[in-house]
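A.B. asks: Quick one: the structure is below, and I'll ask about it shortly.
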Amino acid sequence: MVTYNVETGPGPDRKKRTRAGFLYGFGAYGIWGLLPLYFILLLPATAYEIVSARVLFSLIFCLILLALTRSLGAMKQLFRDGKAAIALMIAGLLIAGNWLLYTVATTTERTLEASLGYFINPIVAVLLGVIVLREKLRPLQWAAIVVGCLAVLVMSVFYGSVPWLSLGLAFSFGFYGLVKSTIGSRYPALVTLTGETAAIAPLALVGMIFLNSQGQVTLFSEGAGHFWLLASSGIITAVPLLLFGSAAARLPLSTVGMIQYVAPIGQFILAIAVLGESMPLERWIGFGIVWCAVLLMILDAVRAPRARRLQRKRNTA
């Protein structure tokens, strides 16, 4: 996950930044929580067409924004940075895979599985920190990982198979955050998003050409409304990411981490209340165990800053 510096101005200025940060954060995760409805509107487009269109139109939209903000020079600097360019190519492939899994889930009445994936994602991110970055975990984080693994085991027994789609979403986004963390905050969010989409745009274009040869492209065949809905995928992709970047610049990372649960909660409510997906007892049990792990993560996020402050006071006493 990218780390951002939080400006701490005095008094009213800091309060204004905090309020704005919450608005941006809830805006970003609120949009992500409502995405299943948008993808359903794109039918009869297949998941492959939707993801290809999302990549291509995102690139167009981002390039327009870069031109309007006179930031195209930052793209040249980015591609001169070999390590950053390679990292963004890998990040692009990971996020494209994540988008494909998510689109498949939401267009095949499996939004609950997508929701589960994003509930698990923070636990996966912590686990990757241990395995890849050799980070030391606090007791509550260890407990959350153990409970999360227990949840996957229980669901595998109940469902008769491992919840691969949910795990695929969680791990693809987890590795995406890990790769992006190697770039840090050297480049603005809009520049890195443009770099990611530019790196995978050739694959998306080839995908569109292949789908068209199979008669599976609906971009121009379903009317103007369908065309503009697909074209809007660029805006739908970029806007919440930019809102997220603005929130992360104004709020502590732990606060942003707690706001992220707005998205899977929204997806969960949509799946049951609007899309009518079934929620049998065994699924409630599986989700319940995952929510216990989530509560442990939230409790750790609340307690950790306080513990650090107390430690600093002891050190200065």
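Every number in this text was worked out from the coordinates using simple rules, so none of it is lab data. The model shown is predicted, which means the values in this text are computed figures rather than measured ones. Heads up, the Cβs are rebuilt from the backbone with ideal geometry, glycines too, and the neighbour counts pull from every protein chain shown.
A.B. asks: In deg cm²/dmol and to the nearest 500, what is the mean residue ellipticity at 222 nm of the chain if only DSSP H runs of at least 4 residues count, each as -39500 (n - 2.57), divided by the residue total? If you can, show how the numbers build up before the last one.
C.D. replies: Values: 13 runs with 248 residues, N = 317.
About -26500 deg cm²/dmol.
A.B. asks: With point charges of +1 on the Cβ of Lys and Arg and -1 on the Cβ of Asp and Glu, referenced to the Cα centre of the chain, which listed residue (S166, G73, I95) lies farthest in the positive direction of the dipole?
C.D. replies: Selected residue: G73.
A.B. asks: Next question, about the same structure. Can I get the semi-axes of region 44-114's equivalent ellipsoid? Compute them from the C-alpha gyration tensor as square roots of 5 times the eigenvalues, in angstrom, largest first.
C.D. replies: Working through the eigenvalues yields semi-axes of 29, 15, 9 Å.
A.B. asks: If you don't mind, another one. Which whole number of Å³ per residue matches the convex hull of the alpha-carbon atoms in the chain? Don't skip to the answer; put the middle values down first.
C.D. replies: On the way: hull volume 50.3 nm³, N = 317.
So the per-residue Cα hull volume is 159 Å³.
A.B. asks: Using Cβ counts within 10 Å as a stand-in for footprinting exposure, how do Y159, Y48 rank, fewest first?
C.D. replies: Numbers: Y159 12, Y48 19.
Lowest to highest Cβ neighbour count: Y159, Y48.
A.B. asks: For a test of understanding, tell me how many lysine pairs in the chain have Cα atoms under 26 Å apart, given they are 8 or more places apart or on different chains. Each step should come with its number before you reach the end.
C.D. replies: Working: K15/K313; K76/K180; K83/K180; K136/K180; K136/K313.
Taking the chain as the scope, the lysine pair count is 5.
A.B. asks: Further question on the same structure: Take the Cα atoms of region 36-166, find their three principal axes, and give me the spread along each one in whole Å, biggest first.
C.D. replies: That gives 51, 44, 20 Å along the principal axes, largest extent first.
A.B. asks: Arrange S58, S232, S278, S156 by Cβ neighbour counts within 10 Å, fewest through most, would you?
C.D. replies: On the way: S58 26, S232 17, S278 9, S156 14.
Ascending number of Cβ neighbours within 10 Å: S278, S156, S232, S58.
A.B. asks: Near I183, within a Cβ-to-Cβ distance under 13 Å, what is the net charge of the other residues, with Lys and Arg +1 and Asp and Glu -1? Could the numbers behind the result be given before it?
C.D. replies: Details: positive: K83, K180, R186; negative: D81, E196.
Here the charged neighbours net out to +1.
A.B. asks: Hey, if you put +1 on the Cβ of every Lys and Arg and -1 on every Asp and Glu Cβ in the chain, which of S185, F287, P202 ends up farthest toward the positive end of that dipole?
C.D. replies: S185
A.B. asks: Based on other C-beta atoms within 10 Å, arrange T106, T46, T237 from fewest to most. List each step's numbers first, then the result.
C.D. replies: Values: T106 26, T46 18, T237 23.
Sorted ascending by nearby Cβ count, the order is T46, T237, T106.
A.B. asks: Continuing with this model, one more query. Treating the beta-carbon of each Lys and Arg as +1 and of each Asp and Glu as -1, no other charges, what is the dipole magnitude of region 11-316 about its Cα centre, to the nearest 20 debye? Walk me through the numbers before you get to the answer.
C.D. replies: Details: 25 positive and 11 negative charges, 426 e Å.
So the dipole magnitude of region 11-316 works out to roughly 2040 debye.
A.B. asks: Sticking with this one: What helices in the chain pass both tests, a Cα length along the helix axis of 18 Å or more and a mean Kyte hydropathy of 1.0 or higher, using whole DSSP H runs?
C.D. replies: 47-68, 82-107, 111-131, 139-159, 164-181, 189-213, 233-248
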